[in-house]
1. Checking THR159 against (1) surrounded by fewer than 19 Cβ atoms within 10 Å (Cβ to Cβ); (2) polar (S, T, N, Q); (3) more than 26 Å from LYS98 (Cβ to Cβ), only one condition comes out false. Which one?
2. Looking at region 271-288, which of its residues are assigned to a strand (DSSP E or B) and within 21 Å of ASP205 (Cα to Cα)?
3. Which condition does PHE71 not pass, out of (1) within 21 Å of GLU350 (Cα to Cα); (2) open to solvent by less than 40 Å² (accessible area, probe 1.4 Å), if it passes all the others?
4. Quick test of your reading of the structure: PRO138 fulfils all but one of (1) touching a Gly at 6+ places or on another chain (Cβ under 6 Å); (2) touching a residue at least 40 places away in the same chain (Cβ under 8 Å). Name the failing condition by number.
5. Residues to consider are GLU167, GLU172; find the one that is open to solvent by less than 40 Å² (accessible area, probe 1.4 Å), under 24 Å from PHE276 (Cβ atoms) and charged (D, E, K, R).
6. Kindly indicate which of PRO258, PRO288 is in contact (Cβ under 8 Å) with a residue 12 or more places away in the chain and either more than 30 Å from HIS111 (Cα to Cα) or in contact with a Cys (Cβ under 6 Å, 6 or more places away or on another chain) (or both).
7. Can you confirm whether ILE232 is β-branched (Val, Ile, Thr), more than 17 Å from LYS287 (Cβ to Cβ) and part of a helix (DSSP H, G or I)?
8. Being out of contact with any Cys (no Cβ under 6 Å at 6 or more places or on another chain) and either within 17 Å of VAL109 (Cα to Cα) or of a type in the set (Asp, Glu) (or both) is the requirement here; does SER215 meet it?
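The values are calculated or read from the model by the stated rules, or taken from the named source; none is laboratory data. None of the values given here were measured: they were computed from a predicted structure. Ideal geometry is used to build each Cβ from the backbone, glycine not excepted, and the neighbour counts take in all protein chains shown. These accessible areas exclude ligands, DNA and RNA; they are computed on the full protein's heavy atoms, side chains included. Shrake-Rupley method; radii C 1.70, N 1.55, O 1.52, S 1.80 Å.
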Amino acid sequence: MALQNYALQVAVQSLGFNVYSLHDRNASSYFLRIIKKCAKYVLALLGSKKYRKQLSGKNNAKFHGKKFDAFYKKYLTNIISISRSEALDPQNKSQWDKFSYAIVGSDMVWHNWDNTDENLDFYYLSFVLPEKRVCYAPSFGVRKFLKKRTKFHKKYLPTFKKLSCRESSCCEAIRKLTGLDAVHVVDPSLLLQAENYRVIAKKPDYDVPEHFTISYFIEDVEENRLDEFNGIIKKVGGNLKNIDIFNINDVEHFSTGPDEFLWLMDHADYIFTNSFHGTVFSIMFKKPFIAFQRVVDGMQNKISDLLSTLGIAGRIYQNDGKIPEGKIDYDSVYEKLNIRREISLNYLKECLNVK
């Protein structure tokens, strides 16, 4: 996520470092992505309802991507665009020697989405010297390690001077696998204050009423629960306009960029989401919200872990018809969050040898 990258960049810059961001072109799986995309379009043309929606939204996705590209260019410093194979090529080793450290993390970087050995080699920073490898808030995206990837985790985890994870369950998984301790740290987006985001927030180009709600649902919502979720949104939000910012078929709102997302989250009256970062920024801007369950294994765990840590696990809708109610005690939430922030910043300072 663009805002995670931005947040970690700001945090590291505040410690006195110049920051470069690697843009993973992932050239090795380019043709695989093309094949998958073509297959989806064929399925859409053959009548698949699911892929027909994706086909109709492809132009919206392109515009959406342009907004993110514009954000990267404006707010991320020193972007290095490189493929994994180029980064791992021994002939390019000398270009990494000039950097003091390399940091990986802040998302499910060790899950191996592409199912290639190269993926984990890259995201375990095998192309830089072990003493320069730093991980901050990585996640595995699963509750348990996949057996076929265990050898990579066992090989690379001990090469980091210190380890951290975004979820406590990941810390425990590392301990069971390697016997090593990992510090439970906050997602980098939580290292900053709300004002750090307000200075880059931008009101969307489309019309937004004075009062509105936001729904931000990642794709894996079960079809048979959509009506139920929409009913809850209508019941809680009443007559307020609801802005759905992750519906690829919503031409107007799907084009929302990261800076516009921040503005909407800051000004919404209520937020409904099954997204981890939808939940994070609800908390960041102290908004009333409901977190809905995810379908994919391991995805819900990261939301549950965050809300349990902050003492507000009751904001998760349990699919039982009971809508989470009551005002969120953000004074208590921020007391807990500030403790986690201090632990996280101290971890980062120690990794980067900052006194």
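1. Against the list (1) surrounded by fewer than 19 Cβ atoms within 10 Å (Cβ to Cβ); (2) polar (S, T, N, Q); (3) more than 26 Å from LYS98 (Cβ to Cβ), THR159 comes up short only on (3).
2. Matches in region 271-288: ILE271 only.
3. Unmet for PHE71, out of (1) within 21 Å of GLU350 (Cα to Cα); (2) open to solvent by less than 40 Å² (accessible area, probe 1.4 Å): (1).
4. (2)
5. On the way: GLU172 fails: open to solvent by less than 40 Å² (accessible area, probe 1.4 Å).
Selected residue: GLU167, the only one of GLU167, GLU172 that is open to solvent by less than 40 Å² (accessible area, probe 1.4 Å), under 24 Å from PHE276 (Cβ atoms) and charged (D, E, K, R).
6. One residue alone meets the criteria, PRO288.
7. No: the conditions fail for ILE232.
8. Working: out of contact with any Cys (no Cβ under 6 Å at 6 or more places or on another chain): yes; either within 17 Å of VAL109 (Cα to Cα) or of a type in the set (Asp, Glu) (or both): no.
No, not satisfied.
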